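A quick write-up on the structure given underneath.
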Amino acid sequence: MTLRTKSATALVLAIAAVGLGGCIHWTNPFASNTHAKYTGKGERIPVMPEDDSLRPADALKGVGFYIPDPTPMADWPLPGGTPEQSVENAAAGQSFTVAWRAKYGAGSARATHITAPPVAAGGHIFVMDGAARVTAYDAVTGREIWRVDAALKTRRNHEAWGGGLAYDNGRLFVSSGYRFVSALDAATGKKIWETRTDAPVHAAPTVAGGRVFVESVDDDLMTFDEGTGAVGWTYQALVEPARILEATSPAITSDEVVASFASGELVALQTSNGNGLWTAVLSKSNRNSALSEIRDIPGRPVVYKGDVFAVSHSGLFAAIDLRTGETRWTLPVTSITTPWPVGDVVYVTDTTGHVICVARQSGQVYWVADLNKNIKKPKDRANWSGPTMASNRLVLVSSKGEAVALDPKTGAVLKSLKIGDDALMNPIAAGPNLYVATQNADLIAIR
C-alpha cells in the first residue's frame, strides 16, 4: 500500500517507513527535534554549550575567515558538481535575475515525484521529470534539444517515481524508481545500455573511474561498468524501515567511495572492490520522538580537504577524517540538505530554515541566520534548500518559490528573487548561470 499527499512539497518533506508490512507512512521532518548525546565512532569534541543551542562562539567574535575567489564552472556533470560532491565558489548568477525558464514535464503530484537535480555538460542542461522523462536544453537559450521517455513500465512497475542523472564522457546516466540504471547518448538521447535493478532507485548516480555508483531504496550501494552496464560489486548497508523521501549520492575520491544510508551510517569503501574502510554512525541513542527515530542522511556526503562532512535527520552534523573515519567534531543540527564546505568554513541549512556558518577545523559557529525569522505561523514558514556558493554569495531556494543570496561572512540577505515555484533542490552552476529545477518541473536559469 502506498499513501501519497496532494502537495508536492509534502511529498519531498515526507518520511516513508518502508518495509513495515509493505506500508509507507508519511510525516514532516521539519518538526522540532530534541538533541541528545552522540554515539557515533570517534571522540566527540564538545563545541556547543550544554543546552545544545546553536549560537556564535565568543572566541570567533571579530575573527575573519578565508573564502576562495569565484571560479568559472563550464560543466556541472554530477549531482554535487564533482565526484567528491564538492565545489567551492562558482562564478555564476552575478545579476541574480531570471534569464529563461522552461517546462520539462510532469511535476510532483500523487503519482509522480521529482528527485533528480539537473546536471550540465557541453552547453546542455539535462533534467528528469516526475515520470522519468529526460530532456536536454540549450544552456544559453533554453531551447529544447531532445526529450525521451526513460520509464520502464511493467506490471510490477506501472507506477514509480524518483531517480537522477549524471554525465561522463558523452553519456548521460539515468537511475530510476522504475528499477533500472541506463546510459544515453548525451547528444541525441539514444539508449546505449540498460540494466535492471531489484529495488527502485530514487537517488542520482555518481560516475567516476569507469564505474557508475548508485544507491537503491533498500540501502544497497551498487556499481555498474560505465561502458557496458555490467553489474560490479555491491555493498548492502543495514536496511532501515524508515527513511526520508529525499535522495543521496555517494562521494568518490581516487580510491575511496563514501556513502550515506537511511540507518544513519556513513561508510567508506574501496572503489576497486567495495571492501570496507570505516563506518561512522550519525544517530543518537536517546531519541525523544517518533520523528527523531528517522536516522537517515538524505543529503550528500561531501569530501573536502581530507575530511567528510555529512548531516543527518536525527540531529548530527559531523566532520570526519577521510583516512581514519575518526570524528573531528559534531554539532546538533537536523537537516536533509547537503553541507557546503569552502575555504575556512562549512555551511549547512537545517530543517527550520536556519543557515549556519561553522569553522571547518574546530566546529565552532561563526553565525546563524534564520530565513524564517519574521514568519510567525508554522504553516507559512518555508523549507529552504542549499546553499550553493556562487559569485561570493550563498544562494538558497525555498518551498515558497523564492531564491535568496546571502552574504557568506554575515548571513545577511543581499538579494531575493521570486521564482514562483516550489524549489527543493540546490541550484547548480554552469557557465554564467545558476539553474534551479522546481517541483512543478520548471527549469529556471538565473543569470
Inset, instruction - Report, by chain and number, residues whose modeled amide H sits under 5 Å from the one on Gly162, excluding near sequence neighbours (fewer than 5 apart, same chain). - result: His113, Thr115, Gly177
Inset, instruction - Return the carbon/sulfur percentage of the accessible area of the range 75-233, one whole number, probe 1.4 Å, all protein chains in place. - result: 48 percent
Inset, instruction - For Lys409, go through the aspartates and glutamates and keep the ones whose alpha-carbon is under 14 Å away, minus same-chain ones fewer than eight residues off. - result: Asp69, Asp344
Legend entry - Lys415 long-range amide H proximity, modeled H, under 5 Å: Ala405
Inset, instruction - Arrange the peptides 128-136, 226-234 so that the one whose residues have, on average, the most other Cβ atoms within 10 Å appears first. - result: 128-136, 226-234
Legend entry - Accessible surface, the range 144-235, averaged per residue in Å² (probe 1.4 Å): 40 Å²
Legend entry - Neighbour net charge for Ile192 - beta-carbon separation under 14 angstrom, K R +1, D E -1: -2
Inset, instruction - May I have the convex hull volume per residue, in Å³, for the Cα set of the range 66-149? - result: 129 Å³
Legend entry - Vicinal HN-Hα couplings computed from phi for the range 438-444 (Karplus, 6.51 cos²θ - 1.76 cosθ + 1.60; Hz; Gly/Pro x): 9, 6, 8, 6, 9, 9, 10
Inset, instruction - Calculate the tail of P(r) for the range 373-416: the fraction of all Cα-Cα distances greater than 15 Å, expressed in %. - result: 44 percent
Inset, instruction - Holding the Cα-Cα limit at 19 Å, pick out from Lys103/Lys418; Lys103/Lys415; Lys379/Lys400 the pairs that are longer than that. - result: Lys103/Lys415
Legend entry - Radius of gyration and Dmax over the Cα atoms of the range 138-238, both given in Å: 13.6, 45
Inset, instruction - Give the accessible surface of the range 292-403 per residue, rounded to a whole number of Å², with probe radius 1.4 Å and ligands, DNA and RNA excluded. - result: 27 Å²
Legend entry - Within the range 183-332: Cβ-based charge dipole about Cα centre, in debye rounded to nearest 20 (Lys, Arg +1; Asp, Glu -1): 300 debye
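The values are calculated or read from the model by the stated rules, or taken from the named source; none is laboratory data. It should be emphasised that the depicted structure is a prediction, and the values quoted were computed from it without experimental measurement. We place every Cβ from the backbone using ideal geometry, glycine too, and count neighbours over all the protein chains shown. With ligands, DNA and RNA removed, areas are computed over all heavy atoms of the protein, side chains included. Shrake-Rupley method; radii C 1.70, N 1.55, O 1.52, S 1.80 Å.
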